[in-house]
Amino acid sequence: MMNLYIYFMLIMMFMFSCITFVSSRKHLLCTLLSLEFMVLILFSLLLFYLSFMNFQNYFSMFFLTFCVCEGVLGLSILVSMIRTHGNDYFQSFSILQC
C-alpha cells in the first residue's frame, strides 16, 4: 500500500514538472532546472522499480551518467548564450543573429 502511494506521488511530481517545463518559456535557466527535476523524478522511479523487481542497480549508474552529461551540456549552452547575448532570455535569442 505504501509503495503505491510513493509511486502515485512520484508520478504526480513528474506531471507537475512536465507542466512547469512546458510553461517556463522566458528563461533558459528555469527550463534547465525543471528538466533536471524531471530527471531526478525519473531516477527515483527507476530505483523504486529496480528494487521492487529485485534487479541489480547497475542500470541506475548508466542513467546517472547520462543525466550528468545532459546537465553539463545544458549548462554549457547556458554559459555560451550568456556570453554571446548577455542574458538568458529566449526573446533576445534569434537564430538569424551571427
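A few comments on the model shown:
- Cβ-Cβ contacts under 9 Å between residues 6 or more apart (or on different chains), taken from a first residue in the range 70-85 that is free of Cβ contacts under 8 Å to residues at least 12 places away in the same chain and loosely packed, with under 14 Cβ neighbours inside 10 Å to a second residue that is outside any helix (DSSP H, G or I) and of a type in the set (D, E, K, R), are listed as I82/D88.
- Filtered residues of the range 1-10 (kept if exposed (fewer than 12 other Cβ atoms within 10 Å of the Cβ) and hydrophobic (A, V, I, L, M, F, W, C)): M1, M2, L4, F8
- Of the residues in the range 76-93, at least one is at pLDDT 90 or above and not aromatic (F, W, Y).
- If you go through the range 20-32 and keep only what is in a helix (DSSP H, G or I), of a type outside the set (S, T, Y) and more than 18 Å from S80 (Cβ to Cβ), you end up with F21, V22.
The values are calculated or read from the model by the stated rules, or taken from the named source; none is laboratory data. Quick caveat: nothing in here was measured; it's all calculated off a predicted structure. Virtual Cβ from ideal backbone geometry, glycine too; neighbours counted across all protein chains shown.
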